[in-house]
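Have a look at the structure below, then the notes.
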Amino acid sequence: MSGPLPQWCEQTCVVCPAQQLGPGQFDVVDRPGPEFAYRPNLGWRASAEGVAVCVHPFRVGLPAGRYASQGEPIPDQTSRPAPTPAALELPADVVDLEGWLVAVLRDAPAEGIFTAVTRAERLAAERFGAKQAVAALRRVLSVELTNR
């Protein structure tokens with residue numbers, strides 16, 4: 001498939017290469033970092049070599065891998081990868097807030113979802129302000145609770 005998978009358009013960030021590229025046309029890494037800066041001219045994050053990079057494997061449904069840069073094969077998907085411990089750390093940049101919220105919600109057991117939402121909202125509001133936290137939560141909850 002040369003284009004994005006239909007579910008990627010709902011489940012990935014608007015600046016994720018998965019919004020426009022198909023499987024194998026971008027790399028996937030465990031979490032955002034300065035080595036995968038957002039490139040406005042491309043519309044997504046990229047490596048120093050210019051390879052498109054998705055920084056939320058649990059959202060795109062692929063484990064971390066160098067699919068575009070090193071030709072690693074796309075694994076058969078039987079289940080969505082779980083968020084890594086690094087993905088569960090509150091990000092320093094508001095650009096990564098939605099990805100963190102998704103990780104927190106996907107890591108929470110069904111019986112602990114409300115506690116996870118409350119805690120995530122409090123932590124996000126402390127770091128980014130209540131307005132940013134609530135806006136991000138609304139966007140994330142509309143998709144994540146539907147997919148549970």
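The values are calculated or read from the model by the stated rules, or taken from the named source; none is laboratory data. As the structure is a computational prediction, the values presented were derived from the model and not from experiment. Here the Cβ is made from the backbone with ideal geometry for all residues, glycine too, and neighbour counts use every protein chain on show. Note: areas computed on protein heavy atoms with side chains; ligands, DNA, RNA excluded. Shrake-Rupley method; radii C 1.70, N 1.55, O 1.52, S 1.80 Å.
A compact table of results
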{"quantity": "Residues whose placed amide H lies under 5 Å from that of residue 54, excluding near-sequence neighbours", "calculated": "27, 28, 29"}
{"quantity": "Accessible area (Å², per residue) of the chain, counting only protein heavy atoms and a probe of 1.4 Å", "calculated": "54"}
{"quantity": "Dimensionless Rg ratio for the chain, taking C-alpha atoms and the 2.2 N^0.38 Å reference", "calculated": "1.02"}
{"quantity": "Local net charge near residue 38, Cβ-Cβ under 11 Å (Lys/Arg +1, Asp/Glu -1)", "calculated": "0"}
{"quantity": "For residue 39, distant residues with modelled amide H under 5 Å away", "calculated": "44, 45, 46"}
{"quantity": "Paramagnetic reach from residue 15 (point 7 Å along Cα→Cβ, amide N under 11 Å) across the stretch 36-74", "calculated": "37-46"}
{"quantity": "Contact order normalised by residue count of the stretch 53-148, Cα under 8 Å, 6+ apart, percent", "calculated": "22"}
{"quantity": "Taking N as its residue count, the alpha carbon Rg of the stretch 63-138 over 2.2 N^0.38 Å", "calculated": "1.30"}
{"quantity": "Cα-centre dipole for the chain with unit charges at Cβ (Lys and Arg positive, Asp and Glu negative), debye to 20", "calculated": "360"}
{"quantity": "Calculated FRET value between residue 139 and residue 70, using beta carbons and R₀ = 41 Å, to 0.05", "calculated": "0.80"}
{"quantity": "Across the chain: Cys residues that no other cysteine approaches within a C-beta distance under 4.7 Å", "calculated": "9, 54"}
{"quantity": "Phi-based couplings in Hz for the stretch 14-20 (Karplus 6.51, -1.76, 1.60; Gly and Pro marked x)", "calculated": "5, 9, 7, x, 5, 5, 10"}
{"quantity": "MRE, 222 nm, helices only [DSSP H, n ≥ 4, -39500 (n - 2.57), over the chain, to nearest 500]", "calculated": "-10500 deg cm²/dmol"}
{"quantity": "Heavy-atom accessible surface of the stretch 85-131: percent carbon and sulfur, 1.4 Å", "calculated": "57"}
